[in-house]
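Visitor: Handing you this structure, nothing more for now.
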Amino acid sequence: MEPLLPTTERALLQRLASEQAAKRVPSLVAAVVRDGRIAWSGGRGRVAGEVPGVDTQYRIGSITKTFVAVLVMRLRDEGKVALNAPYGKYVPGTAFGDVTVAQLLAHAAGLTAESPGQWWERTPGVEWTELSERVTEAELKHRPGRQFHYTNLGYGALGELVARLRGVSWLDALNAEILQPLGMTRTTPMPEKPHADGFAVHPWADVLLPEPAHDAVAMAPAGQLWSTLNDLSRWARFLGGDTDAVLHPDTVAEMREPAVVEDAEQWTSGHGLGLQLARNRGRKLAGHTGSMPGFLATVWTHAESGTAGIAMANTTTGADIPGLCTDLIDIVGTLEPQLPAEWAPLTEVDPELLALTGTWYWGPAGRSLRLLRDGWISLTPIAGGGRASRFRPVGRETWIGLDGYYAGETLRVVRRPDGSLSHLDLATFIFTREPYDPSAEIPGGVDPDGWQGR
């Protein structure tokens, strides 16, 4: 990738500097990730007398939840967890054992936002046994599945689920399954130098108050981790689909799908399976915000363009870190839009797949079947509108739908006894080469008199 233009870098620095100065932030770092690397980074303010950089640690708060969600999804993909199973199947003895794992991941379980007791972010944490004993049915604030209701307690519970099924702490699982494979050596549960200290900024004077940084113990999965721009740039790439075998890209794409909507009237923000979602200036973003006493952080990834914005600050409130990240993505996307991938012909093609291309009919409605790379196909209405999907091969002459109405549905080729092509069967819908081909197995049959005038 070519370096960004000086004018683009200046615009990015201007946005960063304006946020730090106008919001009176002790220190602030930000980066743009593009084409698999940090394309730009900047820092303002001071940490231990130095301008913070890509290796300076900040506490990332609820971005921690995205790591916990990936640990849960790894268990799902291994067959050890069913997302629609009740939480109590894996961690018995809680007052919320009937809510599902998926509902906890998506903040749709109806569980209380915070853990019972003192404000967990500013007090020493307790072990899960003690925490779970404090939780009663009163902590269920809404009917499970009814609506979005953010729950830090729910992620403490998911961290315990990971620990129970792995036989090690969620942090040990995190290190072995995610951080080490991805080379994220500066993401840790407690700060390691160089790191920023957390501060509250006085509302009416330019003075600071140090904030505490306790170990949250059982609530740690909700917001314990510290990280750097370097490490979070790798995580942003992961959330965009560059998973390096830690998780299948299709599973990460599933995590990015909307499960609940926060603002139902406008649908500008929502939640997937462990990921926050936002729609901004025509872009669908996935990632997470984070806040803890003394710190704010955000990672937003635009998977379609492979671009991400990351920012971290050591202030309790005031700075618009999510807005800063969306602006960084917008600046790069506007000033230096991505070039489309260069078209090139396929290097090889299966003649039997090539024979499937062209026009197919569902009843009288025409569809075009195109052959894509790696044996994928697309089925698209010829007249525009209607149901369109891409399909990934899962066996000989069998595909699985990836999007639209047919997502998850199976498409298969049906041949006659002599091996010739008869029709396509897609979730019981029959597609033929001619409208209502009488030689195909069309449910209900075809009128023997054929097409008629009236």
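Visitor: Relative to a virtual label point 7 Å from the Cα of A82 in the Cα→beta-carbon direction, which members of region 98-130 show backbone nitrogen distances below 13 Å?
Guide: Taking a point 7 Å out along Cα→Cβ of A82, the residues of region 98-130 whose backbone N falls under 13 Å are 100-102.
Visitor: While we're here: In the chain, if every C-alpha pair distance is counted and binned at 10 Å from zero, what percent goes to each bin?
Guide: 4, 18, 25, 23, 15, 9, 4, 1, 0
Visitor: Here is a follow-up. Taking the chain as the reference, fit the longest principal axis to its C-alpha atoms, fit the long axis of helix 152-166 to the helix C-alpha atoms, and give the angle between the two in degrees, 0 to 90, nearest 10.
Guide: Rounded to the nearest ten degrees, it is 70.
Visitor: Just from the alpha-carbon atoms, what are the Rg and Dmax of region 275-387 in angstroms?
Guide: Taking only Cα atoms of region 275-387, I get Rg and Dmax of 21.5, 63 Å.
Visitor: Let me ask something else about it. Would you check the accessible area of E304, probe 1.4 Å, heavy atoms only, in square angstrom rounded to 10?
Guide: Looks like 130 Å² after rounding.
Visitor: Magnitude of the Cβ-charge dipole of region 132-236, K/R +1 and D/E -1, about the Cα centre, nearest 20 debye?
Guide: 400
Visitor: Using r as the Cβ-Cβ distance of D244 and Q266, and R0 as 51 Å, what FRET efficiency do you calculate, to the nearest 0.05?
Guide: 0.90
Visitor: Straight-line reach from K141: which lysines have a Cα under 23 Å away, not including same-chain ones fewer than 8 places off?
Guide: Within the straight-line cut-off, K141 pairs with K65, K89.
Visitor: Which one of N84, P52, S41 has its Cα pushed farthest toward the positive end of the charge dipole of region 36-97, where Lys and Arg give +1 and Asp and Glu give -1 at the Cβ?
Guide: Final value for the positive-end residue is N84.
Visitor: Also, I was wondering about something else. Would you work out the charge dipole size for region 381-435 about its Cα centre, treating the Cβ of every Lys and Arg as +1 and the Cβ of every Asp and Glu as -1, and quote it to the nearest 20 debye? Numbers along the way, then the final one.
Guide: Details: 8 positive and 6 negative charges, 23 e Å.
Dipole magnitude for region 381-435 comes out near 100 debye.
Visitor: Please sort by residue number the GluC sites (Glu not before Pro) in region 1-90 whose DSSP state is loop and whose Cβ has at most 14 other Cβ atoms within 10 Å.
Guide: Those that pass, being in a loop and sparsely packed, are E78.
Visitor: While we're looking at this one, here's another question. Taking amide hydrogens as modeled 1.01 Å from N in the peptide plane, which residues meet the under 5 Å criterion relative to G110, leaving out close sequence neighbours?
Guide: Under 5 Å from the amide H of G110 lie the amide H atoms of G145, H149, each far enough along the sequence or on another chain.
Visitor: Tell me, what HN-Hα J-couplings in whole Hz come from the Karplus equation 6.51 cos²θ - 1.76 cosθ + 1.60 at θ = phi - 60° for each residue of region 373-384, using x for Gly and Pro?
Guide: These are the phi-based 3J(HN,Hα) values: 6, 6, x, 6, 9, 10, 10, 10, x, 6, 7, x Hz.
Visitor: So how compact is region 80-137: Cα radius of gyration and Dmax in angstrom?
Guide: Reported Rg and Dmax, both Å: 12.2, 34.
Visitor: Carbon and sulfur: what percent of region 181-228's accessible surface (1.4 Å probe)?
Guide: On the way: 1470 of 2310 Å².
Roughly 64 percent, rounded to a whole number.
Visitor: How large, in percent, is the carbon and sulfur part of the accessible surface of region 114-156 at a probe radius of 1.4 Å?
Guide: Numbers: 1190 of 2540 Å².
Roughly 47 percent, rounded to a whole number.
Visitor: Another question, then. Starting from region 315-362, pick out the chymotrypsin sites (Phe, Trp or Tyr not before Pro) whose DSSP state is loop and whose Cβ has at most 16 other Cβ atoms within 10 Å.
Guide: Taking region 315-362 and a limit of 16 other Cβ atoms within 10 Å, the loop chymotrypsin sites (Phe, Trp or Tyr not before Pro) found are W343.
Visitor: In whole angstrom, how far apart do the alpha carbon centroids of region 293-314 and region 142-217 sit?
Guide: For region 293-314 versus region 142-217, the Cα centre distance is 16 Å.
Visitor: Helix 321-335: angle to the longest alpha-carbon principal axis of the chain, degrees 0 to 90, nearest 10?
Guide: Tilt of helix 321-335: around 50 degrees.
Visitor: From the protein chains alone at 1.4 Å, what is the descending order of accessible area for W120, W204, largest first?
Guide: On the way: W120 20, W204 220 Å².
Highest to lowest solvent-accessible surface, that is W204, W120.
Visitor: Here is a follow-up. Ignoring ligands, DNA and RNA, what accessible area per residue does the chain give at 1.4 Å, in Å²?
Guide: Dividing the accessible area of the chain by its residue count gives 47 Å².
Visitor: By per-residue mean of other Cβ atoms within 10 Å, what is the highest-first order of 277-289, 134-146, 399-411?
Guide: 277-289, 399-411, 134-146
Visitor: Provide the FRET efficiency to the nearest 0.05 for the S439-L335 pair, computing r from the beta carbons and using R0 = 56 Å. Could you put the intermediate results ahead of the total?
Guide: Working: r = 58 Å, r/R0 = 1.03.
That gives a FRET efficiency of 0.45.
Visitor: Continuing with this model, one more query. Per the 1.4 Å probe, what fraction of the accessible area of region 396-442, in percent, lies on carbon and sulfur atoms?
Guide: Roughly 51 percent, rounded to a whole number.
Visitor: Could you rank K23, K89, K193 by how accessible they are, 1.4 Å probe, largest area first? Show your work: numbers first, answer last.
Guide: On the way: K23 75, K89 135, K193 180 Å².
Per-residue accessible area, sorted high to low, gives K193, K89, K23.
Visitor: Same structure again: Could you give the size of the charge dipole of the chain about its Cα centre, using +1 on the Cβ of each K and R and -1 on the Cβ of each D and E, expressed in debye and rounded to the nearest 20? Working shown, then result.
Guide: Details: 42 positive and 53 negative charges, 76 e Å.
Computed charge dipole of the chain: roughly 360 debye.
The values are calculated or read from the model by the stated rules, or taken from the named source; none is laboratory data. Note that this is a predicted model, so its numbers are computed, not measured. As a convention, Cβ positions derive from the backbone with ideal geometry for all residues, glycine included, and neighbour counts pool all protein chains shown. Only protein heavy atoms, including side chains, enter the accessible area calculation; ligands, DNA and RNA are left aside. Shrake-Rupley method; radii C 1.70, N 1.55, O 1.52, S 1.80 Å.
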